[in-house]
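Novice: One structure, pasted below without further comment.
Just so it is clear, none of the values below were taken in a lab; they were calculated from the coordinates. Keep in mind it's a predicted model, so treat the numbers as computed, not measured. Cβ: placed from backbone, ideal geometry, glycine included. Neighbour counts: every protein chain shown.
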């Protein structure tokens, strides 16, 4: 074979994978568009800032009973700051934020299915 033909075939072999563009795979566990957290929920106005969401509360064992809360992925302590608010109180199921004179209570489990109240052991 002629060296020019060999070079041409070699260059074609190297360029061929560039022509076969692979389609990006979609995550099968991803929430369909329009159903995720980014979509407007019933009663929410589009363009309005989303209310902070309480994700977790951690309470340490005695004697210090250290309390932490996770709000929108940010770990905060009682007396600490979250965005423009002060974390006034961390309870077992809620966190109280204070912005000036305005107080906002974030509840970890706002409603349980069927209106059932979750409480301690009953016998």
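Novice: Hey, could you check the range 89-106 for residues that are more than 22 Å from the chain's Cα centre (by Cα) and within 12 Å of residue 79 (Cα to Cα) and say which is surrounded by the most Cβ atoms within 10 Å (Cβ to Cβ)?
Specialist: Narrowing the range 89-106 to residues more than 22 Å from the chain's Cα centre (by Cα): 89, 98-103.
Keeping just the survivors that are within 12 Å of residue 79 (Cα to Cα) gives 89, 98.
Details: 89: 15, 98: 13.
In this case the residue turns out to be 89.
Novice: Also, quick follow-up: From the residues in the range 62-84 that are at negative phi and in contact (Cβ under 8 Å) with a residue 24 or more places away in the chain, which one is surrounded by the most Cβ atoms within 10 Å (Cβ to Cβ)?
Specialist: 69
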